[in-house]
Amino acid sequence: MPQFSVSASSKSNCCPLWLIWVLLGLSAVHTHAKDVLGVPQQVSLSPDRFSRQLSISWLGGAATTFDLMILRTELNESVFYETLSVNPVSGQHLWNWTSAEPLECTSLSIKVRSRDGHMTSEWSNTQILRGNDLPSNDKCQVYPLDRVVPVGANTTFCCIVEEGKVFDDLFYSGAVMNTTRLSRRTYAGTVVNQGPSSSSGTNVVCYNSLRAKEPCGTVVFVGYPPLLSDFVCETHDLISAVCHWTEARDTMLYGKRRSSYSLNKRDCLQRGQKHKVCTVDHWEGNWTLVAVNFLGQYSLNDSAEILNRVHLVAPTKVSSVVNAWNATVLWQWKYRSYSSLRLVCQVELTCNGTKTNLTVSGVGLQSVVLSDLYPEEDYSVQVRCGAQLNFWKWGNWSEPFTFKTDTYVPEAPDVWIWMNRDNTGRIVWKPLTRRQSHGQITGYEFTLWSAEENVQHTQIFSPGTTAAPINLTQIAAFSSDKIIATIIAKNVKGSSQPASVVVPLRLTEPIALSRAVYTERGFPMTWQSDANATCGHVVEWIDAVCTRDCSVEWIKVAAGQTNVSVVSANFQPGVRYIFSLYSCSSEGRELLQRQQGYVQELVPSSSVLLSTSQQNSDVLLSWGEIPLLNRRGFLLGYNVYNSTGSELKLLVNLPDKGNRSYTVKGLSEGSHKFTVKAYTSAGEDTGATASITLELYADWLILEILTSLGITTLFLVIVSFICYKKRKWVKKAFYPDIPEPKLPGDWSRRQGPLDVKPSSHSIMHIVEKPEWDSSKEALVVIPEEDEDEEGQGMGDEPVDTDEPTSLSYYNQVVDERPIRPRFPDSSDSSASSLDSARTDVTYTGIQTSGSSLVFQLDSQASAEGHQPHADMSVNGGGGGDYRPQMQARAPSDDIALVSPEPFIEAASGGGYKPQSSWHLDSPVEGEESGGRAPSLGSPTSVASTQFLLPDGEEDTEERRQPSSSATTWFTNLLSSTKP
Amino acid sequence: MNGRVQRMSFQQFMELTTTLLPLLLVMAVDSTRTVAASSSNQQCGNSLQQTLKLTRFVQKESVLLIKTYKAAQGEMSELFCKVSVNDVPDPNISGLEPSERIASIYTHLQAFMAHFKRVYEQQTDLQLPSSPLLGELTAVSSRSRDLAALMNGFYQSLFPNLPMPEPAGGPTMLPPPQNVFQQKVYGCAVLRTYKEFLSNVARELRTLKGKVCRRRMETNTFLLRMT
């Protein structure tokens, strides 16, 4: 830049000169300004479409500040407009601008001008970067093409619609993007935070309005830069290096976009997905691994001495030299360099799924001896080795190598004897396992022999046999006290050692059973040390249900040992086992203990057999014993329930298992259901249920009735007896003698009516029955009726109150029959009480003034024979005679309903019918009585002793003695009519 | 008299023999050739049937392959797979004569195999090595090769004196380098067109079965008559 300066002079004579200088200076400044703000020249564009970067260069003279404007050519929209400070390089100014959209999307116009403060030059010529949306390129296009971007990036895509078509949508991974128009045919949209794409990339598809036709698109690959781990190098052959690493994160970029690797700047061709390997021919000690992809690179380093990274290859050509009890395994190495290397090897021996590891070491190790093998057994062996010094890692396992050991003579069988109670038994032995047989068993040789007599019987059994029957009665032929049974197993290699057991010639007496408790380790059994048990002890066990030729199991315990836990794979829950402990000696076996127990107790599998029987009001429940097989545990007792509906009510718990009956007392009549459940420690069984219906206990009822009757009879007898003994007192108390009237003068007793002045409304005639004794004299009371209760018919009747009525008293009984009142009214009760007192009271006559008519009627009635009532009714209707007992009809509705006629009849009769009420409940009787009842029915004073008590019997009596009755009646009539 | 009679009988026998002998010869030759023609016709039918069966099988495989292909191309593949592409062989069988049509089938198969190879290469860049698409592409390509061999053999059996003509347009034209989206569209178009082509082949083979093999029999019969 040109330099210029301005200086002022103070000399006054220099004013014109000073002025000239100023003018010249101003002129110079103006000229200089025009030179600096020259229009930028030779503007050129250099686009990098991959990076969307546009390099703009121009010649701008001395200016360092420029205005740069970038427009979208078609729409003349400003994309970039800034003032830039750009220093020239070799006189040329350069500015890089990165476009948000791909540069292919549309044409851009670029122009530059110089700036100095507020002063600017003219714009340079516009330079146009042509896009792909020119009319000459009329195809549908989407940009950017095949771009690889990192996950999370934001990418702007643009679609150039086919010429003549209308833009519709732009899709990213199937989703519509928001787009903006960049030019006539170009639309752009931005995707933010892009997720990883699939191996084939993410499709970006642009559709025109005819969506189904000719879409165009692009594919973007979104992934990660490489990320590695676990980079390590090692050697197999002690020369070369093999380096491994792991791709810690999948880049999600495949094919051409996948990562490429270089090891110490040598390319590594990789095929693997995750674990990578690269080989270097010579050990270099230091390695650098670099991974590169489109999105970045990653490097790892490793360094080590070769002897510290020895990773042996697997042994090859494995072979073996085999014996019955051992074998030698041999192998070879791929590399000779191993021969001088001190190795440690691991041998994995597998037999029947069981693996055994063996470690051996040595220089250039190539064999190992395997001991403690079993004859006739298949083995598989694998070998791997590592460098013993500076051990790095185990080498690879060799391929599995299998071999089979040789055959050997079998082991002696484990033999035992089982005796039944009938002198028979079996010699049993356990079948030899594969480990014990040492080869295929060809048979068993069984021998019974007597050492004393040196006599023996031998039998051969097939390989599958495990028992030989014996019979003590046959053995008796040996005549020796000690018989020994021996069993020998045989295979192709020979015979086993003999296994012997002494045959017990006498049955062992059973001893008491105790309870065995199962624990986690089995059934523990202990015993005292026994010096006589020279060959130890034997514990045998059987199913307790078994009684003959039982499937016996046993375990032999070495001498000196005093306990053992009995365990068997055959133990079953709910099965009772009996364990027998024998001591073993040369003389035979001796039973020491017997125990029984369950591995696990269960509830009984069956219920008891329950029966019921009634005992009076009680019920006796009885049941049988559960079979041993079904108990499945030790029975602890029984629970007795009363079943009411669906509920069980516990009546009693019978812990004593020996007691298998129970009496339920105090039950009521009806149906009862009982359930009995046996229980073990595991719980109750399902229970047995029985029902019973209690019936009435008839004997007891009869007894009660008889007792009651007896007591009643006894009471009556006592009362009677007392009454009899105290009859005088009773008579005095209840039947006192009626005192004779004491009259002044001579009132000698005479036969005839005794006129007694009754009460104002009635006449009581007390009759003393002459033939009764004094104690039976009865006083019949004719109750005085209330006038108000006489009935309406009585209202108008004249009551003979004007003159006192006369009551005739006879010392005789009119009627022997007790009065039986039918209606519970007051009159009845009074009559009843009188009746109980055996006092007969009757009306003997009612004296009224007008009696002439009555006499006529009575006589008429007499002539007609027992029709006095009808006559009296007629008469009564007109006369309103005294009817003291009419009120007895009123209280009864029945009577009121059914007896209007009798009522009317009675009313119309109007005669005195003192006892007519007795006949109302029996119309027939009533009629008969009414028709025949002798009634005085007269308002006159009549001394009557019979008419007031109508009774059939009386009538009968009257009919039997018509003459006497008539005579008496007539006499009475005459006497009563006397004034 | 007896001797004359005997002479007459001999002459008559000789005349009859000379008359019947050519007839018998002609009948013998004719029967032999009829048997040969029948056998040849049966062989033609068998070969054609075998070719038809393989065609149908490959056709079914191509249907499955298209499904696999679309599934492996990402979203919206159903839509952009409908796009037509110019650089794919014509699915139609050309020619008028059976020999020309069979030759057309053969050359089409050759062309499609070239396109399959291109598609396979493109897809190896887009798919994982374990992708079923690559396996199915290989299988269909291999089957197509077998089918082409069968067609060639069938052609040679039918027209032993006619060499298989070279493709009219020269070597198969493969598309220029494409971007990935174009590759996806192109592969889909190849497979879709191939399936259509196989349909045409199957139809053509059914037509040829009733046409070529019968004609061959007639031709043989005609030749026999001429002899």
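Go ahead and run the numbers for FRET between A:Ala558 and A:Thr279, Cβ-Cβ distance against an R0 of 56 Å, rounding to 0.05.
0.35
What average count of beta carbons from other chains do you get within 10 Å of the Cβ of residues in B:79-88?
The mean count of partner-chain Cβ atoms within 10 Å per residue comes to 3.
Mind checking B:115-126 for the average number of partner chain beta-carbons within 10 Å of each residue's beta-carbon?
Working: counts 0, 0, 0, 0, 0, 0, 0, 1, 3, 3, 7, 10.
What the average comes to for B:115-126 is 2.
Just grab the label-to-label distance for A:Gln440 and A:Asn87, each label 7 Å out from Cα along the Cβ direction, in nm (one decimal).
Between A:Gln440 and A:Asn87, the label points sit 10.0 nm apart.
Which pairs, out of B:Lys67/B:Lys117; B:Lys60/B:Lys117; A:Lys111/A:Lys139; A:Lys274/B:Lys82, put more than 26 Å between their alpha-carbon atoms? Mind showing how you got there, number by number?
On the way: B:Lys67/B:Lys117 19 Å; B:Lys60/B:Lys117 20 Å; A:Lys111/A:Lys139 29 Å; A:Lys274/B:Lys82 37 Å.
From B:Lys67/B:Lys117; B:Lys60/B:Lys117; A:Lys111/A:Lys139; A:Lys274/B:Lys82, over 26 Å: A:Lys111/A:Lys139; A:Lys274/B:Lys82.
Starting from the Cα of A:Leu629, move 7 Å in the Cα-to-Cβ direction to define the label point; list residues of segment A:562-577 whose amide nitrogen is under 20 Å from there.
What the label zone holds, given the 20 Å backbone N cut-off, is A:570-577.
Name the long-range amide H neighbours of A:Leu54: under 5 Å, sequence gap of 5 or more, or other chain; modelled H, no Pro or chain starts.
A:Asp48, A:Trp97, A:Thr98, A:Ser99
Using modelled amide H (1.01 Å from N, peptide plane; none on Pro or chain starts), what sits under 5 Å from the amide H of A:Val455, excluding residues fewer than 5 places away?
A:Ser450
Residues of segment A:316-343 with backbone nitrogen within less than 19 Å of a virtual label 7 Å along the Cα-to-Cβ line of A:Asn396, please, listed as ranges.
Answer for segment A:316-343: A:316-319, A:331-339.
Between B:Asp125 and B:Gln43, what is the FRET efficiency for a Förster distance of 30 Å, r being their Cβ-Cβ separation, to the nearest 0.05?
On the way: r = 46 Å, r/R0 = 1.52.
With R0 = 30 Å, the Cβ-Cβ based efficiency is 0.05.
Which ordering of A:Glu348, A:Glu540 is given by a fewest-first count of other beta-carbon atoms within 10 Å?
A:Glu348, A:Glu540
Can you give the extra length, in nm with one decimal, that the chain gains between A:Glu214 and A:Leu651 once fully stretched, where that is 0.36 nm per residue apart less the Cα-Cα distance?
148.0 nm
Segment B:155-201 to segment A:171-230: how many Å between their Cα centroids?
One Cα centre to the other: 32 Å.
Amide H of A:His93 versus every other amide H placed in the peptide plane: which residues, excluding those fewer than 5 positions away on the same chain, fall under 5 Å?
Hits under the 5 Å cutoff: A:Trp58, A:Leu59, A:Gly60.
Between B:Leu64 and A:Asp230, what is the FRET efficiency for a Förster distance of 45 Å, r being their Cβ-Cβ separation, to the nearest 0.05?
It comes to 0.65.
Using only atoms on other chains, find how many Cβ atoms lie within 10 Å of each Cβ of peptide A:290-296 and report the average. Mind showing how you got there, number by number?
Values: counts 0, 0, 0, 0, 0, 0, 0.
Averaged over the peptide's residues, the number is 0.
For segment A:564-630, which GluC sites (Glu not before Pro) pass both filters: DSSP loop (anything but H, G, I, E, B) and at most 16 other C-beta atoms within 10 Å?
Here the GluC sites (Glu not before Pro) that fit, given the DSSP loop and packing criteria, are A:Glu587, A:Glu625.
Mind sorting A:Glu553, A:Glu453 by how few other Cβ atoms lie within 10 Å of their own Cβ, fewest first?
Placing the least packed residue first, the sequence is A:Glu453, A:Glu553.
How do the peptides A:103-115, A:410-422 rank, highest first, by the average count of neighbouring beta carbon atoms within 10 Å per residue?
My ranking of the peptides, most packed first, is A:103-115, A:410-422.
Provide the gained length on full extension for the span A:Leu709 to A:Lys265, in nm with one decimal, where the gain is 0.36 nm per separating residue minus the Cα-Cα distance.
Using 0.36 nm per residue and subtracting the Cα-Cα distance, I get 146.4 nm.
Bear in mind that the values in this text are calculations on the coordinates, not laboratory data. Quantities reported herein were computed from a predicted structural model and do not represent experimental measurements. Every residue, glycine as well, gets a Cβ built from its backbone with ideal geometry; the counts of neighbours run over all protein chains shown.
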